[in-house]
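Asker: I'd like to ask you about the structure that follows.
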Amino acid sequence: MVSAQHLRHAILGVGSNTPPRVSNIASALRLLSASKDLIVRSTGLLRETAPMYITEQGRFLNGALRVTTTLSPVELLKRCKEVESALGRLSPGSRGYVRNGPRCIDLDIILYGNTPAMDSSVRSKEPCLRIPHPRFEEREFVLAPLCDLMNDDFVVDGHVRSLGEMLRRIGKISEDRGSVVIPLPRDRVMRLDRSNVMGVLNVTPDSFSDGGRGLDRSYEKAVVSALQMIEEGCDIIDIGGESTRPGAKEVQVEEELRRIIPVIDALRKVSDIPISIDTRHSACARAAVQSGADIINDVSGGTFDDNMLPTAADLSVPIVLMHMRGTPETMQTMTEYRNVVGEVAESLRLLSERAEQHGIPKYMQILDPGIGFAKNFEGNLLLIRHLDKIQKACGNVPMLLGPSRKGFIGKITGEKVAEMRDFGTAAACVASAMSGNENGFSPSHIFRVHNVKGVKQALMVADALNKV
């Protein structure tokens, strides 16, 4: 533990543009906190940006992290340089070094202070050590991750404009704001500069929407259905072997594995599409990822199985953390809230913090307000309407929305058959995509739906409107 005496706070910038970029960043975080004199307290999101100065090189992943330390600024700089060297970064003057060229890892001290307000300015005889970082105001690849980690309203000591104002000021002339990305296995990333569609592939006999259509008994049919969704523009295939419809009972792990693993194996042989595994069981999550799945989608937010968060951290895969009260069997008796938007936002914020405490950085998290899970009619509408507020309260972590064919759509439209609610589903998705925030970006990044083609086309129009 870092001693409370002489404790200091710092914000570090981190970046990489040589493969494997995500692993390089994860290794840097591990090495930084290997000693007791520094603790990584929180991480922001990762953004992919074009290189500056020398453009003929790979694109960067950039992020920011908050640390507490007993190290002085000079000692902290030394630690950063040691980590860079350990990971293979060339130093000036060494053979092969190119100024502003490719780098496996880049660590910079952006802010440093005696309090979390980062209230210190540091000038040192050490070369390249000026705090705040001398050019952070003009660099979007620094400012955007800072906004993700802190907030848009944060004002750096000695400056007049907030971080958000600085970003908006230079954003007007920039051609590459840098899109938020979700890291995936095999050094792939999912870009969130547009609405992504997650197609539902149920391999259960009792799904509320499609009854599984017998897919649990035919792996070939499941793969054909997945390939059809991919042809229609799907970005992720979400495979589930346990129904979470209202009143559904828990499926045993052995049965869930029997349903999902053959489908993942078969689909992975014919497509590299990102696959998420919809499960509450850590054993199923591990087996699914080992078979080729890329994302864990847990409707319990990692609370049903105590081993889920450690498993996700160990596997180094993203996890969807959904808000729900109770279990699918009991949740519809728990739909009353005093302030559904505020309470769900606070619950998701705490789920995110808990995940980070288990070693899952924020850039590996996706949050889901849980439409239809322990929510009543009005609650579902309020959550969709105010999703931007929820996201802001949770540090701008990417959001997943799953309104597809839910009961609130049937209540509005009068459509009693779930499979006939696709038009209403598209409307709910577009409404969320168009709600935006003050920067004009949708708070929803991923939409989990059954009818991929219809929702995909609707969201393409919404995205185009958001850009004008």
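The values are calculated or read from the model by the stated rules, or taken from the named source; none is laboratory data. Just so it is clear, the structure is predicted and the values come from calculations on it, not from any experiment. We place every Cβ from the backbone using ideal geometry, glycine too, and count neighbours over all the protein chains shown. Calculation scope for accessible area: heavy atoms of the full protein, side chains included, ligands and nucleic acids excluded. Shrake-Rupley method; radii C 1.70, N 1.55, O 1.52, S 1.80 Å.
Asker: Compute the distance in nm between two label points, each set 7 Å from the Cα along the Cα-to-Cβ direction, one at Glu378 and one at Asp193.
Answerer: Output for this residue pair reads 4.2 nm.
Asker: Around Leu71, with a cut-off of 10 angstrom between Cβ atoms, what is the net charge of the other residues, counting Lys and Arg +1 and Asp and Glu -1?
Answerer: Here the count lands on +1.
Asker: Using only Cα atoms, tell me the angle between helix 219-231 and the longest principal axis of the chain; keep it within 0 to 90° and round to the nearest 10.
Answerer: Approximately 60 degrees, to the nearest 10.
Asker: Please report Rg (one decimal) and Dmax (integer) in Å for the Cα set of segment 1-61.
Answerer: 14.6, 47
Asker: Something else: Taking the square root of 5 times each eigenvalue of the Cα gyration tensor, what semi-axes in Å does the equivalent ellipsoid of the chain have, largest first?
Answerer: 40, 23, 21
Asker: Can you say what percent of the DSSP beta bridges in the chain, counting only those with both residues inside, are antiparallel? Round to 5.
Answerer: Expressed as a percentage, antiparallel bridges in the chain total about 55.
Asker: Could you give the size of the charge dipole of the chain about its Cα centre, using +1 on the Cβ of each K and R and -1 on the Cβ of each D and E, expressed in debye and rounded to the nearest 20?
Answerer: In debye, rounded to 20, the chain gives about 900.
Asker: Sticking with this one: Averaged across orientations, what area in nm² does the convex hull of the alpha carbons in segment 196-351 project?
Answerer: Averaged projected area of segment 196-351's Cα convex hull equals 9.2 nm².
Asker: A follow-up question, please. Just to confirm, what accessible area per residue do you get for segment 276-379 at 1.4 Å probe, in whole Å²?
Answerer: 35 Å²
Asker: For Gly88, what is the net charge nearby, where nearby means another residue's Cβ is under 14 Å from its Cβ and Lys, Arg count +1, Asp, Glu -1?
Answerer: Net charge around Gly88: +2.
Asker: Using alpha carbon coordinates only, what is the Rg to Rh ratio of segment 40-123, with Rh defined as the Kirkwood radius?
Answerer: Rg divided by Rh gives 0.99.
Asker: Work out the charge dipole of the chain with +1 on the Cβ of Lys and Arg and -1 on the Cβ of Asp and Glu about the Cα centre, then indicate which of Thr244, Leu77, Thr18 is farthest towards its positive end.
Answerer: Going by the Cα projections, it comes out as Leu77.
Asker: For Glu255 and Glu353 in one chain, what is 0.36 nm times their gap in residues minus the Cα-Cα distance, to one decimal in nm?
Answerer: 32.1 nm
Asker: Report the local net charge at Lys36: Lys and Arg +1, Asp and Glu -1, summed over other residues whose C-beta lies under 15 Å from its C-beta.
Answerer: +2
Asker: Which whole-number percentage describes the relative contact order of the chain, with Cα contacts under 8 Å and a sequence gap of 6 or more?
Answerer: 12 percent
Asker: Could you please tell me the mean projected area of the C-alpha convex hull for segment 21-168, averaged over all directions and given in square nanometres to one decimal?
Answerer: 8.9 nm²
Asker: Now a separate question. Going from the alpha-carbon gyration tensor of segment 292-369, what semi-axes, largest first and in whole Å, does one get by taking the root of 5 times each eigenvalue?
Answerer: Gyration-tensor ellipsoid for segment 292-369: 23, 14, 10 Å.
Asker: Run the dipole for segment 245-334 about the Cα centre, Lys and Arg Cβ at +1, Asp and Glu Cβ at -1, nothing else charged, and hand back the magnitude in debye, nearest 20.
Answerer: That gives a dipole near 200 debye.
Asker: Under a point-charge model restricted to the Cβ atoms of Lys and Arg (+1) and Asp and Glu (-1), what is the dipole moment magnitude of segment 325-372 relative to its Cα centre, in debye to the nearest 20?
Answerer: Result for segment 325-372 is approximately 80 debye, rounded to the nearest 20.
Asker: Can you give the angle from 0 to 90° between the axis of helix 282-291 and the longest principal axis of the chain, with both taken from C-alpha atoms, to the nearest 10?
Answerer: Approximately 80 degrees, to the nearest ten.
Asker: Using the Cα gyration tensor of segment 314-354, with a ≥ b ≥ c the square roots of its eigenvalues, what is the shape: rounded (a/c below 1.5), prolate (a/b larger than b/c) or oblate (neither)?
Answerer: Because a/c hits 1.5 or more and a/b fails to exceed b/c, segment 314-354 counts as oblate.
Asker: Projecting each Cα onto the charge dipole of segment 377-468 (Lys/Arg +1, Asp/Glu -1 at the beta carbon, about the Cα centre), which of Ile390, Cys429, Val417 comes out farthest on the positive side?
Answerer: Value: Val417.
Asker: Can you give the longest run of the chain that contains no chymotrypsin sites (Phe, Trp or Tyr not before Pro) sitting in a DSSP loop with at most 14 other Cβ atoms inside 10 Å?
Answerer: 98-468
Asker: A further question on this structure: What is the percent carbon and sulfur in the accessible area of the chain, measuring with a 1.4 Å probe over the protein chains and ignoring ligands?
Answerer: 52 percent
Asker: Shifting gears a bit: Determine Rg/Rh for segment 354-406; Rg is computed over alpha-carbon atoms and Rh is the Kirkwood hydrodynamic estimate from the same atoms.
Answerer: Dividing the radius of gyration by the Kirkwood radius yields 1.02.
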